[in-house]
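So the structure is just underneath, and the comments pick up after that.
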Amino acid sequence: MCGITGYVGGRNATEVLFEMLKRLEYRGYDSAGIAYVTENGIRVPKDRGAVSAVEKSLDLKGVSSNIGVGHTRWATHGAPSQINSHPHPDCTGDFVVAHNGIIENYIQLKSELEELGHKFKSETDTEVVAHLIEQYYDGDLLNALEKTLARLQGSYALTVLSSKHLDRILVARLKSPMIIGFGVGEMFVASDAPAFMKYTKKVHIMRDGEYGEITKDGAVIFNDGKKISVKAQELDWSVEAAEKGGFPHFMLKEIMEEPASAEHALTSIAKISEVAKKIAKKKRIMFVACGTAYHAGMVGKYVLENFGVEAEAEVASEFRYSTAKTVNQDTALIVVSQSGETADTLAAIEEAKNKGAYVLGIVNVVGSSITRVADDTVYIQSGPEIAVASTKAYIGQSILTTLLALHIAFSKEFISKDKLDGFLREAKSLPGKIQKILSDNNLKSLAEKCANTRTFFYIGRTLNYPTALEGALKIKEIAYVHAEGYAAGELKHGPLAVLDEETVVIAIKSGKNLSDKMDSNIQEAKARRATVLTVAEYGDIKVPETVDELTPILNIVPLHLFAYYISDLKGLDPDKPRNLAKSVTVE
């Protein structure tokens, strides 16, 4: 999942490809590689590490080629390594593929291809694409691509080189970005425009389902077997703005990617079902994490408790010095981490493993430390987050902890199969509902009214108490204001003393759970002259209706956007909040 580049024309392709890859480094990656055509076939130099380091180690001085593809990888299937780096060849080396996205049915396809005699070298899902093209090739390269695409389930942006067709690059897109750049006597392809904006701003932004081929003279593109008219449009972007996809900050870009993050998380249902059966056999279930990830763990705890299943959630830095002493082989520890490198979480795992506990990791970074020490891992699959404050990864984490809770409750026979299936059907509507929330223009005007507020209280009950904590944390992180998340029933036990006309209270009321109780808390805040904004189906901040157990996932979305707008209105950089780091690797 990161950056794809391709070039065909009169320049030295290897130099252009690495230059383009460097312009995509902001997307995050763990390895890099290129494939280029020579008189003796296709060469595929690649390795783990930074683009510049890989380029230097490969020593491509003197290499001359006018066509090739490049790739920076963010591992999703298979740990970061030289063999798992892209591009990937087929058995013969005649077809080489670079891919962004996730092939969901790759295990089935790989098994089928192995029975036909294909030999796989990597652990990636991508390699099946190269072998499928090899299998279907009968002299017509485009036809082989069409047959291959018909077999793929999931998402992809693909580039394909063939030693049998040395003048062209095949391209295809489904749910993963791909842009074609038009030069004079040369053509470019990339997953994002800044890769080639030095050379051209004339582009065709591929749509889902499009595929075709590019040569130095142009592009031929098809959709559903029919050739389409391709008209290049001129991009009015600076390179810096283009790196953010036209957004002013990475954080806003990542918030807008939350529907995709939700969709990716939902592809893990089969794995979730598998590990839930193991966890259901344990007497004690604990969610352990730090910061935002801890709030996602709390969501899982509350969903379980909503069905009558006992569960706990604890901050990792506290767990290792207290609760860890009480765990044993009947304990299941569910650790949540975006980076997979959080020091306190790793220490908590060590303590728990020493006591014989089962450990499940829910992480975003493939091959990270947590994945190596956990008994099982479920990947968030949100792609790299550049902004320090987590948004889209939190959506993925919360969906996974919720799905896990649902499946554990089913495995323990606290809910029926029909009820589980009903929840899963509703969960599949989350990406569309998140998109609807992000289209609400009212959030910015609300933020403008609150931009000078110095104190915020976020309140919620049970399932949405974690939402209150996460909403407060987000605005605290990036807007540098005093914000507290509270269980709404605790207002009368202290916070009411400091509420006044200069305080904003954000009440998370969505769902049927304890709605009447929340109304009472809202009136308490208004009686102290605080400004109250409600998050509800018909509130000041509107969210679509869903089942109570899924409301935390929808309710946090507008709070992410609200915090972003406040930060931006104050002239701050939401991508790099002061004193904070993306991955906390020290205790």
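Residues with beta-carbon under 11 Å from that of Ser382, excluding Ser382: net charge, scoring Lys, Arg +1 and Asp, Glu -1?
In short, -4.
If you scale each eigenvalue of the Cα gyration tensor by 5 and take the root, what three semi-axes come out for region 213-322, rounded to whole angstrom and sorted largest first? Walk me through the numbers on the way to the answer.
Working: eigenvalues 423, 94, 25 Å².
Working from the Cα gyration tensor, I get semi-axes of 46, 22, 11 Å.
Relative to the longest principal axis of the chain, what angle (0 to 90°, nearest 10) does the C-alpha long axis of helix 465-479 take?
Taking Cα atoms only, the helix is inclined about 70 degrees.
Please arrange Cys290, Cys2 by how many other C-beta atoms lie within 10 Å of their C-beta, fewest to most.
Values: Cys290 21, Cys2 25.
By the 10 Å Cβ count, ascending: Cys290, Cys2.
How would you order 131-138, 244-251, 61-68, 360-367 from highest to lowest mean count of nearby Cβ atoms within 10 Å?
360-367, 131-138, 244-251, 61-68
Once the principal axes of the Cα atoms of region 3-243 are found, what is the range along each, listed largest first in whole angstroms?
For region 3-243, the Cα spread along each principal axis is 49, 43, 34 Å.
Can you give the convex hull volume per residue for the Cα atoms of region 280-396, as a whole number of Å³?
Values: hull volume 10.9 nm³, N = 117.
Considering the Cα atoms of region 280-396, their hull volume per residue is 93 Å³.
So what are the ³J(HN,Hα) numbers for region 428-434, from phi and the Karplus equation (6.51, -1.76, 1.60; θ = phi - 60°), rounded to whole Hz, Gly and Pro as x?
For region 428-434, the Karplus curve yields 5, 8, 4, x, x, 6, 5 Hz.
Between Ala451 and Lys353, what's the calculated FRET efficiency when r is the beta-carbon distance and R0 is 60 Å? Round to 0.05.
Details: r = 47 Å, r/R0 = 0.79.
For Ala451 and Lys353, the calculated efficiency is 0.80.
Along the charge dipole of the chain, Cβ charges K/R +1 and D/E -1, which of Ser65, Tyr458, Ser390 sits furthest on the positive end?
Tyr458
Any idea what angle helix 417-427 forms with the longest principal axis of the chain, computed on alpha-carbon atoms, 0 to 90 degrees, nearest 10?
70
With a cap of 14 neighbouring Cβ atoms within 10 Å, and only residues DSSP puts in a loop, list the chymotrypsin sites (Phe, Trp or Tyr not before Pro) found in region 286-388. Provide the component values of the computation, followed by the final result.
Details: sites: Phe287, Tyr294, Tyr302, Phe307, Phe319, Tyr321, Tyr358, Tyr379; in loops: Phe307, Tyr321.
Hits after loop and neighbour filter: Tyr321.
Using only Cα atoms, tell me the angle between helix 291-306 and the longest principal axis of the chain; keep it within 0 to 90° and round to the nearest 10.
60
Output ³J(HN,Hα) for region 547-558: one whole-Hz value per residue in order, computed from phi by the Karplus curve 6.51 cos²θ - 1.76 cosθ + 1.60 with θ = phi - 60°, and x for Gly and Pro.
Whole-Hz 3J(HN,Hα) from phi for region 547-558: 5, 3, 5, 9, 4, x, 6, 7, 5, 6, 4, x.
Could you give the length gained on full extension between Ser520 and Ala497, defined as 0.36 nm per residue of separation minus the Cα-Cα distance, in nm?
Details: separation 23, 0.36 × 23 = 8.28 nm, distance 1.67 nm.
Taking Ser520 through Ala497 to full extension adds about 6.6 nm, to one decimal.
If you keep only loop residues by DSSP, which GluC sites (Glu not before Pro) in region 446-501 have at most 16 other Cβ atoms within 10 Å of their Cβ? Each step should come with its number before you reach the end.
Numbers: sites: Glu448, Glu470, Glu477, Glu484, Glu490, Glu501; in loops: Glu501.
Those that pass, being in a loop and sparsely packed, are Glu501.
Just to be sure I understand: if I project the alpha-carbon convex hull of region 465-573 onto a plane and average over all orientations, what area do I get in nm²? Before the final figure, lay out the partial values.
Working: hull surface 26.1 nm².
Its Cα hull, projected and averaged over all orientations, spans 6.5 nm².
Which of the residue pairs Lys147/Lys227; Lys231/Lys428; Lys121/Lys201; Lys449/Lys526 have a Cα-Cα distance greater than 28 Å in the structure shown? Walk me through the numbers on the way to the answer.
Numbers: Lys147/Lys227 16 Å; Lys231/Lys428 35 Å; Lys121/Lys201 38 Å; Lys449/Lys526 17 Å.
Pairs exceeding 28 Å: Lys231/Lys428; Lys121/Lys201.
Are any of the pairs Lys301/Lys325; Lys110/Lys253; Lys271/Lys474; Lys216/Lys253; Lys277/Lys419 more than 25 Å apart by Cα-Cα distance, and if so, which?
Values: Lys301/Lys325 20 Å; Lys110/Lys253 34 Å; Lys271/Lys474 30 Å; Lys216/Lys253 32 Å; Lys277/Lys419 17 Å.
Long pairs (Cα-Cα over 25 Å): Lys110/Lys253; Lys271/Lys474; Lys216/Lys253.
Among bridges DSSP assigns within the chain, what percent are antiparallel (round to 5)? Don't skip to the end; give the middle numbers.
Values: 61 of 99 bridges.
So the antiparallel bridges in the chain amount to around 60 percent.
Working out 0.36 nm times the residue gap between Asp224 and Cys91, then minus their Cα-Cα distance, what length gain in nm do you get to one decimal?
On the way: separation 133, 0.36 × 133 = 47.88 nm, distance 2.86 nm.
Contour length minus the Cα-Cα distance gives 45.0 nm.
Read the figures in this text as sums done on the coordinates, not as results from a lab. Here the structure is a predicted model, which means the values were calculated and not measured. Don't worry about glycine lacking a Cβ; one is built from the backbone with ideal geometry, like all the others, and counts go over all protein chains shown.
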